[in-house]
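Just below is one structure, and these are the notes that go with it.
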Amino acid sequence: MGASAKFIDAVSRTGALDVSLKMKRSPPVILMYHGVTAARPAAGPVANCEGKHLALDIFAEHLRILRRTRRVVPLHEMVEGLARGEARDNEVALTFDDGYENNATVAAPLLADFRMPAAFFLTTGLVGTAEAIWTDKVEMAFDRTAKTTLHLRATDETLPLHTPQERRQAMLRTKAVLKRLPTPDFHHAFATILHALGDPDTAPSGDYRFMSWDQARAMSDAGFEMGAHTVTHPILSRMPFEQAAHEMLSSRDRVTQETGACSSTFCFPNGKSSDYTQELLDLCQQHFKAALSTERGPALPGELLTLRRLSPSGAGRGENIQWMLLRAR
Ligand SMILES: [Zn+2]
């Protein structure tokens, strides 16, 4: 344990962080999760190495900390407040991106125990299928390949795959390179990379699986907010506008059709400021009340279409969320 981790540990054992959190007024915060996993260990050296799926005991610790120190409100309630220009202190909204099955089987039951609301944004082309999201296919391919090197044609570099560390590095590099490509080039490069890795099986298992529409309906019926996160999870700014508009609106229509309602907040895939265009924000304004980005920060009334979030995923300890909330401004 490093010096700062020791300090955090010591402070949190005294309860001082809780006291500070209760005392300090902070702007509204939207927390971004992807999954909560009850499975350990991970499927391979690459699986979940970015902490996309938080361990169940850590997620439970987050909820206990939030219950003691913050007011967790439904996302739509926070958005309505922000639309009126109100940024109410110490409010937190919980969001989950993508639509993983563990949202339905692990996260939602715990949230229900805590009587806490949350919003779940679905990649509608993957819900109810045995398909994986492309980024997870990349992870599975690096966990399962028998190859010992990969040549990335897009950047003309050769990545070694001998050790678990090298596989993780190569996976991260490959995702980063693929995310930069315009959509037609992306599809070709993605297929080429999987082929170069020996076309390993990328059928999702465990935490890579997506929920079914029955599970999504049950969550909606239980009062959770279900929202649109595109059909195929592309980076919308890398594709023609018409195609991007279809990704946004048909995912909204599918959520409405399947669950009877859809969140009036849209959630941008990847969600950095370079991942959407002004044209897409204008479209968003016509069809939604708000949209979520993945840029870091509190939720501000002036940023309704590019709401910032904080991501406690990957945080190894419950205490990290206390620091994250203390420093939100
Ligand atoms: Zn996503």
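Here the sum of -39500 (n - 2.57) over DSSP H runs of 4 or more residues, divided by the residues of the chain, equals -12500 deg cm²/dmol at 222 nm, to the nearest 500.
Taking Rh as the Kirkwood radius computed over C-alpha pairs, what is the Stokes-Einstein D of region 134-196 at 4 °C in a medium of viscosity 1.567 mPa s, expressed in µm² per second? D = 112 µm²/s. The H on the amide N of MET226, modeled in the peptide plane, is under 5 Å from the matching H of PHE120, SER263, each at least 5 residues off or on a different chain.
Sort region 109-227 into rounded, prolate or oblate with this rule: let a ≥ b ≥ c be the square roots of the eigenvalues of the Cα gyration tensor; rounded if a/c is under 1.5, and if a/c is not under 1.5, prolate when a/b is larger than b/c, oblate otherwise. Prolate shape, in that a/c is at least 1.5 and a/b is the bigger ratio.
What the Cβ-Cβ distance of THR129 and ARG88 gives, at R0 = 41 Å and to the nearest 0.05, is a FRET efficiency of 0.60.
Restricting the count to DSSP beta bridges whose residues both fall in the chain, what percent are antiparallel, rounded to a multiple of 5? List each step's numbers first, then the result.
Working: 5 of 30 bridges.
Looking only at bridges with both residues in the chain, the antiparallel portion is about 15 percent.
Since only TRP323, THR37, PRO312 are under comparison, the one whose Cα sits farthest along the positive direction of the charge dipole of the chain, derived from C-beta charges on Lys, Arg, Asp and Glu, is TRP323.
Think of region 78-207 as having a plus end and a minus end, set by charges on the Cβ of Lys, Arg, Asp and Glu; of GLY198, THR95, ALA132, GLY198 sits farthest toward the positive end of this dipole. As a proxy for reagent exposure, THR149, THR135 were ordered by neighbouring Cβ count within 10 angstrom, fewest first; the result is THR149, THR135.
Classify region 191-329 as rounded, prolate or oblate from the Cα gyration tensor: take a ≥ b ≥ c as the square roots of its eigenvalues, call it rounded if a/c is under 1.5, otherwise prolate when a/b beats b/c and oblate if not. Rounded, because the longest to shortest axis ratio a/c is under 1.5.
In the chain, the alpha-carbon atoms span a convex hull of 131 Å³ per residue.
Round to the nearest 0.05 the FRET efficiency obtained for LEU181 and LEU281 when R0 = 30 Å and r is the Cβ-Cβ distance. If you can, show how the numbers build up before the last one.
Values: r = 22 Å, r/R0 = 0.75.
The formula returns an efficiency of 0.85 here.
Pairs of Lys residues in the chain that lie 8 or more places apart, or on two chains, and have C-alpha atoms under 17 angstrom apart add up to 8.
Please label the shape of region 87-127 as rounded, prolate or oblate, based on the square roots a ≥ b ≥ c of the eigenvalues of the alpha-carbon gyration tensor (a/c under 1.5 means rounded; beyond that, a/b larger than b/c means prolate, else oblate).
On the way: a/c = 4.20, a/b = 1.48, b/c = 2.84.
Note, shape of region 87-127 comes out oblate.
Sorted ascending by nearby beta carbons within 10 Å, beginning with the fewest, MET116, MET226 become MET116, MET226.
Counting neighbouring Cβ atoms within 10 Å and putting the fewest first, the residues TYR100, TYR276 line up as TYR276, TYR100.
Every number in this text was worked out from the coordinates using simple rules, so none of it is lab data. Bear in mind the structure is a predicted one, so any value in this text is a computation, not a measurement. With ideal geometry, Cβ positions are generated from the backbone for all residues, glycine too; neighbour counts draw on all protein chains shown.
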